[in-house]
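A.B. asks: Take this structure, written in structure tokens, and hold onto it; I'll ask about it next.
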Amino acid sequence: MTGMTYDDLLARATARTALNHRLKVLLAEGLGLTVRPDLIGDDQPLFGRGLGLDSLDTLEIVVMIEEDLGVGITDDEREVFGSINKLADCVIARRGGIPLGGSAA
């Protein structure tokens, strides 16, 4: 990140925040969670004591992320499903950057 200006860093942070929010909305709406997306923590565990998701939710998450963000994740990549931040890191790595706006196009 050498050579990045303040504006570059701010734009990057804003895009990351938007991606995290997008993932929270996807999970909350797609899985019918009773928690509002803005109340899901970026590092909150998704499974078990976190959001209370279970292994059946994994497949639904995989499908939602592929349809909305164009990123394929296998349901056995357990570490990716640890938190919103881990999902976002995976999306960024596979897309080669932070996806902006709309869907996977």
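A.B. asks: Suppose we filter region 69-83 for residues that are open to solvent by 40 Å² or more (accessible area, probe 1.4 Å), more than 13 Å from Arg94 (Cβ to Cβ) and touching a residue at least 12 places away in the same chain (Cβ under 8 Å); how many remain?
C.D. replies: So the answer is 1.
A.B. asks: Here is a further query. Could you count how many residues in region 9-67 are under 12 Å from the mean Cα position of the chain (by Cα) and at positive phi?
C.D. replies: So the count comes out to 0.
A.B. asks: How many of the residues in region 19-38 are open to solvent by 30 Å² or more (accessible area, probe 1.4 Å) and either hydroxyl-bearing (Ser, Thr, Tyr) or touching a Pro at 6+ places or on another chain (Cβ under 9 Å) (or both)?
C.D. replies: 6
The values are calculated or read from the model by the stated rules, or taken from the named source; none is laboratory data. What you are looking at is a predicted structure, and each value in this text was computed from that prediction instead of being measured. Virtual Cβ from ideal backbone geometry, glycine too; neighbours counted across all protein chains shown. All accessible areas refer to the heavy atoms of the entire protein, side chains included, with ligands and DNA or RNA removed. Shrake-Rupley method; radii C 1.70, N 1.55, O 1.52, S 1.80 Å.
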